[in-house]
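Nothing in this text is a laboratory measurement; each read-out follows from the coordinates by a stated rule. Bear in mind the structure is a predicted one, so any value in this text is a computation, not a measurement. FYI the Cβ positions are ideal-geometry reconstructions off the backbone, even for glycines, and counts take in every protein chain you see.
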Amino acid sequence: MHRLRTCAARLRPLTASQAAQTVGQQRPITVASPGGTRTFQPIRCYSAPVASEPFLNGTSSNYVEEMYYAWLENPKSVHKSWDVFFRNANAGAPPGAAYQSPLGLSAASGLVAPQLSSLVGAQPNVEKLVEDHLAVQSLIRAYQIRGHHVAQLDPLGIMDADLDSCVPTDIITSSDKLGFYGLDETDLDKVFRLPTTTFIGGSESALPLKEIIRRLEMAYCQHIGVEFMFINDLEQCQWIRQKFETPGVMQFTLEEKRTLLARMVRSTRFEEFLQKKWSAEKRFGLEGCESLIPALKTIIDKSSENGVENVIMGMPHRGRLNVLANVIRKELEQIFCQFDSKLEAADEGSGDVKYHLGMYHRRINRVTDRNITLSLVANPSHLEAVDPVVQGKTKAEQFYCGDNDGNRVMSILLHGDAAFAGQGIVYETFHLSDLPSYTTHGTVHVVVNNQIGFTTDPRMARSSPYPTDVARVVNAPIFHVNADDPEAVIYVCKVAAEWRATFHKDVVVDLVCYRRMGHNEMDEPMFTQPLMYKQIKKQKPVLQKYAEKLIAEGAVSRQEYEEEIAKYDKICEEAYARSKDEKILHIKHWLDSPWPGFFTLDGQPKSMSCPSTGLTEENLNHIGQIASTVPVEDFTIHGGLSRILKGRAEMIRNRTVDWALGEYMAFGSLLKEGIHIRLSGQDVERGTFSHRHHVLHDQNVDKRICIPMNHLSPDQAPYTVCNSSLSEYGVLGFELGFAMASPNALILWEAQFGDFHNTAQCIIDQFICPGQAKWVRQNGIVLLLPHGMEGMGPEHSSARPERFLQMCNDDPDNYRTDFGLKRQRQILLPFRKPLIIFTPKSLLRHPEARASFDEMLPGTHFQRLIPEGGSAVERPEEVKRLIFCTGKVYYELTKERKNRGMEGSVAIARIEQLSPFPFDQVKAESERFSNADLVWCQEEHKNQGYYDYVKPRIRTTIQRAKPVWYAGREPAAAPATGNKNTHLMELRRFLDTAFDLDAFKDQE
């Protein structure tokens, strides 16, 4: 077999005449091979071997091996020339002598010996020829796979971008390395046919070996390093090869070079202007990677040329002001006035530092003369946290404009090298890239690779060769480029934009650069990187180098270059003068997601009153009928689901709803009114507790599903319900971004258990809770967090309500009554606020956790507080205790009260809206039971849950006339016990406290 593999020839498709000559059976062939029994299809379709072109098209020797085993089983199953070849080889023909041209064979030829004897010695170099061609093909492949490891990527010339100074053994750096391939210097002038898996030949099909090596070095080992051979799609690999291997492909017109120089001038002089005017201010400038600005503009230009109309961007703080000025085209005076400490913000909220702010701008793209909308999403110092937010906003913009393939809306994400490698959210976001309900059809990622993270050397910051290696998990090509070669940067960015437009998949541009200043302009980098910064101080700025190159080429004159600088300097000075005239700093100029027309009606602010949230009985019945049937013919559902649907139908007949059906009513009514709803999270289609079943699965047909809620009416809005990846941080960020795009949609994220939202805490702490204060960004996202102590352990009990309540800004000492109109329905209100709902688990099927249609009819409203409605109200003056509570514990309290026969002496009121606190309704309930002591009862531990939030607010309500006692679990570090017996004992203890009317007397 070794001889067969070495001498095996290239396969060609049969001509019609050759096909007619083939013989053999049309049945599969099973033979015993060294790897075990193998089955092959008939090999009639393979033609004769061609000795002059062995293996030149990258054809695997497995084909020959398969034919050989098939031939052993039935010699007539292969073409007659292969039959002769295998007979000669088995007869002991020396290397190179087994082949015989098909033209020398007659149809009746079966005599092998004469042909063999005539060939012996006739082709003595065939085996060497085959081996040399295989060696050259391996050499080409080595450059394609590993050439980037020796590319000249570091502008400073002191670092290895892949953290490894070793040269791969199969990369030719000197003639003595030819021996690795069985070649030597005498082979350098030999001409070799090129395989179809390379484009280095251009229009030539063969090249001398030394020219092959030179062209491979030019393609893969200069200022661009290409990682792509891990991609398992041949078409995509061939596309990339053609872009980088074709000779002369990196050619620029005179106009392109002049445009590039002008953009480099703007990028560089902007930073120098800020440094001159505000040398003592932090700005996280772009010095050392000035080519980022023309890089981004090139991506946008090329994408606009391909039909993109809307680009959503996210980035960390480094270079943000420059991007705002020279890419988004924010007015310079608006940027400069941010540096004036004397200006006072007139808008609501606390504001944010200037290098965190976002922007939205619609303008003409001067290169394509087409309109384009650019938005840069505001981002905190949590670097990569914005990644999924950008993706969600992009997905929403695509959804609302009907862009199903990402041809009109796209995203660009900028990253730092240390953050890209170190932040898990990068990985989570990448894994959303091809999921049907989350894909944005390709993102261009640009890494500003400073080769340092604050003060941390990359060798201490990552275990992978490159910071970009995480992108390999989704087969994204990675283009490393020396950022001090602007033309190489621009070419790579063109290719990246074309890749995204062609394949609608992610792509990474790694701008290997340096950071001229420290982490910020006040930092001293010599403390920790002395050698690097000694070199940086000697490093000629990239603008100067590129200008000198163009001047030497004659592309521009020195006078033209200096005039370009003077022109932009004048623009900056004039904007600086205008910035002094700004009397007030308006943060609303920095909105990244404006909602035109939402906050006003006929030019006037909308009324803050809330209409009724009720529905007609007809509507309730119609939605209930859809919820309890399968609106698709010939659709087989699970037997257990049939029982659930029958149960829903029974509830509709009884005019009642449980939690799941109530959710159906709320969603269905909004959909019928034209409001798009998107529900996302882990297992939300069925519901973690098997209660929702919004997606039905045919039990007989794979992947056949039905979403009944999309069958409500012909003109309804679409309902999107989608199971997410097992991610909280990434998916919640995505849904937040989706909710940013439009106020006229209900966007919900549900945690599998409320406890798990803490892995998305960054999105909650940095975007959801403070977003309006920092960026005047309203957002109506809804978080559904299953919560309740049910003996399921410390990770399946608490959604940590205390954390959310702590982040609310209503004052516990300020009694207010105007909140009553503002939180009753998420969509009908004339503004948007995040809504956190602690959803139930056991109450999903609790027989008493039901509501009547009467509570949902026109004229009804959401009840911020549900007052006592039992026998206690008949003689309120005799009530000794008023217990305030919220959530599941209410049903345990009412059960215990009934068991103790205390319905007349203990009243129980449920606070349904905790924040803003319903001061007025708590006051009314307290005054109704004026002789009762006040108790807050919760099942959570005392240092958790709601107690610390509600106690001071209840006391403010009653003007501190009484104490507010506590009944609940004792303080604890964990949110719940994992022992069932302990759980029940704790429950019994606090219920005893709640109903012991003498429990607090010794504390008075």
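Figures for the structure shown
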quantity	calculated
Nearest-0.05 FRET efficiency for Q275 and L857, computed from C-beta distance (R0 56 Å)	0.25
Residue-span extension gain [C401 to C166] - 0.36 nm each, minus C-alpha spacing	79.5 nm
Listed residues M264, M315, P467: farthest to the positive end of the dipole of region 254-590 (Cβ charges)	M264
Top positive-direction residue, dipole computed over the chain with Cβ charges, set C337, I172, W71	W71
Residue-by-residue Karplus 3J(HN,Hα) for region 896-913, coefficients 6.51, -1.76, 1.60, Hz, glycine and proline x	5, 4, 5, 4, 8, x, 10, 4, x, 10, 10, 9, 10, 10, 9, 8, 8, 10
Q451 long-range amide H proximity, modeled H, under 5 Å	D417, C513
Relative contact order of region 788-867, defined on C-alpha pairs under 8 angstrom at six or more residues apart (%)	30
Two-decimal log10 I(q)/I(0) for region 746-898, as the Debye equation yields it once each C-alpha is a single scatterer, q = 0.10 Å⁻¹	-0.47
Whole-Hz couplings from phi, Karplus 6.51/-1.76/1.60, listed for region 412-422; x for Gly and Pro	10, 10, 9, 9, x, 5, 5, 5, 4, 7, x
Charge dipole magnitude, Cβ of K and R +1, D and E -1 - the chain, Cα centre, debye nearest 20	700
Crossing angle, helix 234-245 versus the chain [Cα axis fit, 0-90 degrees, rounded to tens]	70
Rule-of-thumb Rg ratio for the chain [Cα; 2.2 N^0.38 Å; N residues]	1.19
Stretch gain in nm, segment N306-T600, where the contour uses 0.36 nm per residue and the Cα spacing is subtracted	102.2 nm
Near-label residues of region 925-954 by backbone N, under 20 Å of a point 7 Å along Cα→Cβ of T993	933-954
E874 versus D581: modelled label distance in nm, points set 7 Å from Cα along the beta carbon direction	7.8
Full-stretch length increase - S690, E573 - with 0.36 nm per residue and alpha-carbon distance subtracted	35.7 nm
Volume per residue that the Cα convex hull of region 675-839 spans, once the total is divided by residue count, Å³	150
From phi via Karplus (6.51, -1.76, 1.60), per-residue ³J(HN,Hα) for region 606-619 in Hz, x at Gly/Pro	5, 5, 8, 6, 10, x, 4, 9, x, 10, 6, 4, 4, 5
Simple label model, 7 Å out from Cα along Cβ direction - T253 to T982, nm	7.5
Amide H contacts of Q222 (H built 1.01 Å from N, under 5 Å, at least 5 apart or other chain)	Q152
Given charges at Cβ of Lys, Arg, Asp, Glu: the chain dipole, positive-most of L531, P770, A717	A717
Nitroxide proxy distance, nm - points 7 Å out along Cα→Cβ at T186 and K549	4.2
Under-5 Å amide H pairs with L414, H placed in peptide plane, nonlocal only	G314, M315, V446
Trypsin sites (Lys or Arg not before Pro) within region 648-704: DSSP coil, no more than 10 neighbouring Cβ in 10 Å	K703
Radius 14 Å from Cβ of L857, net charge of other residues (Lys, Arg +1; Asp, Glu -1)	-3
Separation between Cα centres of region 367-383 and region 551-584, rounded to whole Å	23
R0 of 41 Å, Cβ-Cβ distance N520-E331: FRET efficiency to nearest 0.05	0.95
Relative contact order, percent, region 609-683 [alpha-carbon distance under 8 Å, six or more residues apart]	36
Net charge, K190 excluded, C-beta distance under 13 Å - Lys, Arg +1, Asp, Glu -1	-4
Sorted by Cβ density within 10 Å, fewest first, the residues H941, H317	H317, H941
Principal-axis tilt of helix 919-928 within the chain, Cα atoms, nearest 10 degrees	30
Mean-position separation - Cα centroids, region 725-773 and region 467-545, in angstrom	31
Relative contact order for the chain, counting Cα pairs under 8 Å that sit 6 or more residues apart, in percent	9
Chymotrypsin sites (Phe, Trp or Tyr not before Pro) within region 430-497, DSSP loop, no more than 15 other Cβ atoms inside 10 Å	F454
Candidates per GluC sites (Glu not before Pro) in region 161-227, loop by DSSP, up to 15 other Cβ within 10 Å	E204
